[in-house]
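Worksheet: the structure to be examined is printed underneath.
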Amino acid sequence: MKIKVFELFGFDNQNIYLLFNLIENIGQNLNYLSIHQISDSFTNNIETSLIVLQNLGQILPFKLGYLDLNLMIENASDFEIFLKNSQNTFINRLCIKIMIREGDDILLYIKEYIMKKKRVKHLSFKVNNNDLFFLKDEVKEFELYNIKVQSFYYFSSTLFVSCIKRKMY
């Protein structure tokens, strides 16, 4: 049996490891994964987001239909950890929304670990309310690697509608 949709909205340092165990046990049956860190505490968001980035990459299946990450991080190198650890995973649709405290350029890591290695077909990427879709020169560069860049809001809303049509909810 394939798990159609697995969504995690809000978690803390206590229950996140239980969720990792569940994801690991589902293994290759996992197809759609959505992780949104939502907490009242900015510090808690950063701490738990870092735990996700340090641990999620190595437990993902080899292929995912959809991965949606909405996290808060301290600096871009935190996100690089996830990209390095998930290099064996191909993701058809990757949707990333990151709030970052430091002004590091996450896009450099996206290009190095995703674009150049052709690990994604469709990409939606938003950092601190800056949507990659509106950076036309960058979009053209991704297209050279056969990666379609889509607007963050369009991408996330069309996926939701698609899931409803397929009765995944």
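Where a number appears in this text, it was derived from the coordinates with a stated rule and is not lab data. Just so you know, these numbers come straight off a predicted model, no measurement behind them. Because the Cβ atoms are built from the backbone with ideal geometry, glycine has one as well, and the counts that use them run over all protein chains shown.
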Most to least packed among 57-67, 7-17 [average Cβ atoms within 10 Å]: 57-67, 7-17
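With the Cα gyration tensor of the chain giving a ≥ b ≥ c as the square roots of its eigenvalues, does the rule (a/c under 1.5 for rounded; else a/b larger than b/c for prolate; else oblate) give rounded, prolate or oblate?
Since a/c stays below 1.5, the shape of the chain is classed as rounded.
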Sites Phe9 and Tyr154 - FRET efficiency at Förster radius 22 Å, r taken between beta-carbons, to 0.05: 0.55
GNM result for the chain, Cα springs below 10 Å: residue of Ser49, Ser124, Ser77 fluctuating most strongly: Ser77
Over the chain: helical MRE at 222 nm, DSSP H runs n ≥ 4 each giving -39500 (n - 2.57), nearest 500: -11000 deg cm²/dmol
Fewest-first ranking of Val139, Val120, using other Cβ atoms within 10 Å as the exposure measure: Val139, Val120
Cross-link pairs Lys111/Lys136; Lys63/Lys140; Lys118/Lys148; Lys116/Lys148; Lys84/Lys136 - those with Cα-Cα distance over 21 Å: Lys63/Lys140; Lys84/Lys136
Loop chymotrypsin sites (Phe, Trp or Tyr not before Pro), segment 81-154, which have at most 16 other Cβ atoms in a 10 Å radius of their Cβ (DSSP): Tyr145
